[in-house]
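Written out below as structure tokens is the structure these notes cover.
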Amino acid sequence: MKTKITFFCALFAIPLFMFTACAQNTAKKQTATAGSVITKPENPYYSNTDTAKLKVSDAEWKKVLPEDVYEVTRNADTERPFTGKYWNTDEKGTYYCAACGNKLFRSGAKFASNCGWPSFFEQDNKNSVVYKNDNSLGMERIEALCGRCDGHLGHLFDDGPEPTGKRYCMNSIALDFIPDTK
């Protein structure tokens, strides 16, 4: 009798476990529709509307960010050129920080730089992106960081188009995108 109970418990527990596991995976996906906001329930620091500066520990970021987003935004990793989802798109909308949801760029400032990463000639507002000197890899560059969470986005160069002459060379993995409704 005890064997039958164990068998039936196992028989019902496995499908229940599979359903629960599937439900957890779908809850971690980001969702956005045209003109909406992105929700990331696993990341309590993510907001497309909050502009308050964040002070979050590295350990906490590691818990709430997907590994690839964490490596780029927190460890200044770089995705390979011509591989990111936004490098060659021209859809109208707004780009946000993938770590915290801060509004960074509008699609009207995006241009085809042919460098293999999405490029913009201006940020959304003066607080969207902040900068610091980057002397890594034997180069002198200006690192572009999210103005809300200080996450690494990419680099700023002086070879962009008018009217600014700037090229914000960004990692696609560090960006989220919400298409316009029109």
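Figures for the structure shown
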quantity: Subset of the range 78-128 (residues that are over 12 Å from Leu175 (Cβ atoms) and among the β-branched types (Val, Ile, Thr)); calculated: Thr78, Thr83
quantity: All positions within the range 132-165 that are surrounded by fewer than 20 Cβ atoms within 10 Å (Cβ to Cβ), in contact with a Phe, Trp or Tyr (Cβ under 6 Å, 6 or more places away or on another chain) and either among the acidic types (Asp, Glu) or not in a strand (DSSP E or B) (or both); calculated: Pro161, Thr164
quantity: Matching residues, the range 44-60, being within 14 Å of Ala99 (Cβ to Cβ) and in contact (Cβ under 8 Å) with a residue 40 or more places away in the chain; calculated: Tyr45, Tyr46, Ser47, Asn48, Asp50, Lys53, Leu54, Val56
quantity: Conditions (1) touching a helix residue (DSSP H, G or I) at 6+ places or on another chain (Cβ under 7 Å); (2) without any contact (Cβ under 8 Å) to a residue 12 or more places away in the chain; number of the one not met by Asp68; calculated: (2)
quantity: Some residue of the range 94-110 being in contact with a helix residue (DSSP H, G or I) (Cβ under 6 Å, 6 or more places away or on another chain) and surrounded by 14 or more Cβ atoms within 10 Å (Cβ to Cβ); calculated: yes
quantity: Some residue of the range 80-92 being surrounded by 16 or more Cβ atoms within 10 Å (Cβ to Cβ), of a type in the set (Lys, Arg) and within 13 Å of the chain's Cα centre (by Cα); calculated: no
quantity: Some residue of the range 70-92 being part of a strand (DSSP E or B), under 22 Å from Tyr45 (Cβ atoms), of a type in the set (Phe, Trp, Tyr) and at pLDDT 95 or above; calculated: no
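The values are calculated or read from the model by the stated rules, or taken from the named source; none is laboratory data. Predicted, not measured: the structure shown is a model, and the values here were computed from it. So basically every Cβ, Gly included, is an ideal-geometry build from the backbone, and we count neighbours across all protein chains shown.
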